[in-house]
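The values are calculated or read from the model by the stated rules, or taken from the named source; none is laboratory data. These numbers come from a predicted model, not from an experiment. Reconstructed Cβ throughout: ideal geometry from the backbone, glycine too, with neighbour counts over all protein chains shown.
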Protein chains: 2
Amino acid sequence: MAPALDAQEVSNGGETLTLSQPHHNWLNNNASHRSKVTVIGGGNWGSVAAKLIASNTLKLTSFHDEVRMWVFEETLPSGEKLTDVINRTNENVKYLRGIKLGKNVVADPDLENAVKDANMLVFVTPHQFMEGICKRLVGKIKRDTEAISLVKGMEVKMDGPRMISSLISKQLGINCSVLMGANIANEIAVGKFSEATVGYRENREVAEKWVQLFSTPYFVVTAVQDIEGVELCGTLKNVVAIAAGFVDGLEMGNNTKAAIMRLGLREMKAFSKLLFPSVKDSTFFESCGVADLITTCLGGRNRKVAEAFAKNGGKRSFDELEAEMLQGQKLQGVSTAGEVYEVLSHRGWLELFPLFSTVHEISTGRLPPSAIVE
Amino acid sequence: MAPALDAQEVSNGGETLTLSQPHHNWLNNNASHRSKVTVIGGGNWGSVAAKLIASNTLKLTSFHDEVRMWVFEETLPSGEKLTDVINRTNENVKYLRGIKLGKNVVADPDLENAVKDANMLVFVTPHQFMEGICKRLVGKIKRDTEAISLVKGMEVKMDGPRMISSLISKQLGINCSVLMGANIANEIAVGKFSEATVGYRENREVAEKWVQLFSTPYFVVTAVQDIEGVELCGTLKNVVAIAAGFVDGLEMGNNTKAAIMRLGLREMKAFSKLLFPSVKDSTFFESCGVADLITTCLGGRNRKVAEAFAKNGGKRSFDELEAEMLQGQKLQGVSTAGEVYEVLSHRGWLELFPLFSTVHEISTGRLPPSAIVE
């Protein structure tokens with residue numbers, strides 16, 4: 001491909017990227033080296049991610065057109081397999097009904113088969129499933145594969161918390177970036193304007209390739225070199241959203257909700273910087289920070305279920321409400337609150353984080369919902 | 001008064017204050033030196049401020065019980081004067097119906113009389129009236145009076161923008177702090193939890209006295225030494241709220257709204273730091289920053305009228321909608337957007353602030369409401 005054409009393609013999606021000349025094969029546009037993308041996860045956000053990516057791989061010569069999407073197989077009430085219906089109708093009828101994914105998206109129920117030709121892996125599943133998925137992928141993926149995680153959450157091990165991007169990197173021996181930001185997937189799916197942030201560790205060129213792959217005129221992606229900051233924003237905001245949902249359920253008004261969101265943002269920043277001193281303040285002003293916090297506290301599923309929990313005075317458990325309200329989608333905030341609480345109590349930091357610890361104590365029934373403002 | 005009692009009173013309102021020993025008369029608790037507070041402005045927020053203050057002056061020996069509130073006199077439909085009704089019923093029936101202000105609040109239609117014994121002045125009027133009020137007060141107030149401004153907005157003069165606190169300081173020759181933050185006055189009035197930020201220039205003791213005067217268990221006030229940052233937050237957030245209202249009117253969803261709020265916060269920070277390099281990043285994480293922005297963009301009057309403006313496709317002017325929707329309350333965001341635009345165009349900064357400049361161009365009819373996301 002002529003450099004001029006490359007330059008044109010690089011400016012796809014309304015983003016002006018200053019992509020420098022490729023230094024190694026991974027970034028080479030030569031047809032035999034086109035990158036091949038597999039999305040691991042076929043839920044609501046996974047389907048939207050596949051749709052965004054598939055619209056770009058058709059336009060950009062540096063990627064194979066086909067986007068493979070590994071979908072956890074389910075049998076629908078009709079008796080059909082979910083992947084068969086996705087491949088026949090080009091719609092994920094269970095998790096993103098009414099939206100065409102793009103004909104170049106191929107649903108695949110076989111994890112090993114789905115990744116075998118890929119050199120760009122997009123992880124987007126509930127975080128509870130990540131450890132098992134990584135174990136199944138060991139030894140099955142190409143060398144030089146790049147990964148990106150859209151997964152919110154963390155694992156708490158004996159030696160401390162481990163972010164999902166680290167889990168992927170360590171288990172699979174590959175570099176892993178993250179993409180966080182506005183996560184009301186249904187709004188992105190219908191082309192409403194939103195933003196996201198890519199967090200990367202070292203290689204700016206790799207980050208810019210992910211920016212290219214996700215950016216559209218209505219989905220504006222910015223890369224920052226602060227992987228832990230970006231990932232912790234995406235993870236911890238779900239805990240704040242639970243608190244915001246309690247405030248909504250108690251009908252305490254917008255001032256209170258804004259105050260709780262501010263305290264939550266402050267704890268997000270303090271917690272992130274205690275765990276990783278390299279985390280930058282400026283990251284909290286990116287889309288993954290304040291904007292995603294706002295989106296999630298206004299409309300996300302964590303907020304919604306927490307609102308119902310508070311309305312019921314904590315008498316119905318989160319598990320029960322989740323099963324009833326989310327049609328198989330998973331709630332991240334409650335489990336993340338538990339993980340954060342474990343870190344806080346293990347390190348003696350509980351008193352430094354009254355909002356985070358209270359969310360856990362309310363959601364496990366040890367305190368009433370009204371404790372959120374006490 | 002015994003020091004022990006002072007110490008107890010200082011911890012009033014759930015705030016732990018580390019008030020050092022008074023150094024001069026103004027801070028002396030001696031009965032003959034008790035501070036006397038006058039609130040200048042009897043609208044919605046002025047009435048709530050008077051109520052908060054009056055609950056504290058009764059409890060704290062360092063203040064006279066009585067709080068005088070200058071009210072711009074109006075004749076009610078019943079033929080009665082507004083101040084007479086306030087003093088008879090202890091309610092501001094026009095701007096804060098149903099809320100008792102406290103029996104120690106005295107409404108006064110005579111500005112000169114209202115301030116004659118005061119040494120603490122709380123300014124809380126629409127900013128359009130501030131220049132006229134200051135002119136009338138020249139030579140009428142005590143030496144060593146301290147002022148605080150709750151007024152949002154700025155004045156644009158030939159030599160650049162002037163903040164309201166500077167206007168007060170310069171015209172009256174007194175020190176002036178600011179209090180900004182959650183401004184949904186009706187929620188504060190009914191005791192819903194919220195926060196605010198006092199911005200001060202130099203004297204920490206004075207700032208702490210203002211914190212004492214405003215703090216209650218449900219209204220938590222924090223002081224920061226960044227008067228311009230705090231005041232510009234309170235002022236500029238109304239411009240962002242206009243943008244958020246446009247997004248609501250166009251029904252663009254929460255992702256878009258959060259993205260616009262984030263871009264707005266970024267422009268607030270950039271604009272403030274260009275005007276006053278001393279402005280601190282951390283101020284934007286205080287209540288006056290991100291929390292007030294959220295409150296105002298969720299529920300404030302600027303948002304509400306801008307939503308109606310966009311729903312009408314810009315065909316009905318802001319003046320018309322304001323008159324119809326706000327029952328005599330004033331909109332700050334549109335005039336502030338005009339003032340900001342004047343600063344930006346005068347200094348050649350228009351292109352650096354696409355959100356601020358687009359809000360002005362939409363609200364003056366030069367661009368359609370949909371331009372807010374273009």
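Just need a number here: residues in the range A:155-168 that are in a helix (DSSP H, G or I) and buried (at least 20 other Cβ atoms within 10 Å of the Cβ).
4
Pick from B:L321, B:L298, B:L293: which is closer than 18 Å to B:M154 by Cα and under 23 Å from the mean Cα position of the chain (by Cα)?
Going through B:L321, B:L298, B:L293 in turn, just one is closer than 18 Å to B:M154 by Cα and under 23 Å from the mean Cα position of the chain (by Cα): B:L293.
Can you give me the number of residues within the range B:268-325 that are surrounded by fewer than 20 Cβ atoms within 10 Å (Cβ to Cβ) and within 14 Å of chain A (Cβ to nearest Cβ)?
So the count comes out to 8.
Quick one: count up the residues across the range A:148-161 that are at pLDDT 90 or above and either over 10 Å from the mean Cα position of the chain (by Cα) or small (G, A, S) (or both).
So the answer is 1.
Name the residues in the range A:249-266 that are outside any loop (DSSP other than H, G, I, E, B), within 11 Å of chain B (Cβ to nearest Cβ) and not polar (S, T, N, Q), would you?
Matches in the range A:249-266: A:G253, A:K257, A:A258, A:A259, A:I260, A:M261, A:R262, A:L263, A:G264, A:L265, A:R266.
Tell me which residues, restricted to the range B:74-95, are within 13 Å of B:V106 (Cβ to Cβ) and part of a strand (DSSP E or B).
Of everything in the range B:74-95, just one residue is within 13 Å of B:V106 (Cβ to Cβ) and part of a strand (DSSP E or B), namely B:N92.
Exactly one of (1) within 14 Å of chain B (Cβ to nearest Cβ); (2) acidic (D, E); (3) crowded, with 23+ Cβ neighbours inside 10 Å is unmet by A:E231. Its number?
That leaves (1) as the condition not met.
Which of the residues belonging to the range B:162-186 are within 25 Å of B:G300 (Cα to Cα), without any contact (Cβ under 8 Å) to a residue 60 or more places away in the chain and more than 13 Å from the chain's Cα centre (by Cα)?
Correct list: B:R162 only.
Which of the residues that make up the range B:182-216 are more than 9 Å from chain A (Cβ to nearest Cβ) and either polar (S, T, N, Q) or in a strand (DSSP E or B) (or both)?
Answer for the range B:182-216, where residues must be more than 9 Å from chain A (Cβ to nearest Cβ) and either polar (S, T, N, Q) or in a strand (DSSP E or B) (or both): B:A196, B:T197, B:V198, B:G199, B:N203, B:Q212, B:S215, B:T216.
State all residues of the range B:326-357 that are of a type in the set (V, I, T) and surrounded by fewer than 22 Cβ atoms within 10 Å (Cβ to Cβ); if no residue qualifies, say none.
Scanning the range B:326-357 gives a single hit, B:V343.
Specify which of the listed residues (A:K135, A:K152) is buried (at least 22 other Cβ atoms within 10 Å of the Cβ) and either not acidic (D, E) or not in a strand (DSSP E or B) (or both).
A:K152
Read through the list (1) over 21 Å from A:V373 (Cα atoms); (2) within 14 Å of chain A (Cβ to nearest Cβ); (3) surrounded by fewer than 19 Cβ atoms within 10 Å (Cβ to Cβ); (4) among the β-branched types (V, I, T), then give the number of the only condition that B:T222 fails.
If we test B:T222 against (1) over 21 Å from A:V373 (Cα atoms); (2) within 14 Å of chain A (Cβ to nearest Cβ); (3) surrounded by fewer than 19 Cβ atoms within 10 Å (Cβ to Cβ); (4) among the β-branched types (V, I, T), just (1) comes out false.
Since B:E195 meets every condition but one in (1) among the charged types (D, E, K, R); (2) at pLDDT below 95; (3) surrounded by fewer than 22 Cβ atoms within 10 Å (Cβ to Cβ), which condition does it not meet?
(3)
Residues checked against (1) among the basic types (K, R); (2) without any contact (Cβ under 8 Å) to a residue 60 or more places away in the chain; (3) touching a Phe, Trp or Tyr at 6+ places or on another chain (Cβ under 9 Å):
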residue	(1), (2), (3)
B:V334	no, no, yes
B:L350	no, yes, yes
B:E361	no, yes, yes
B:P368	no, yes, no
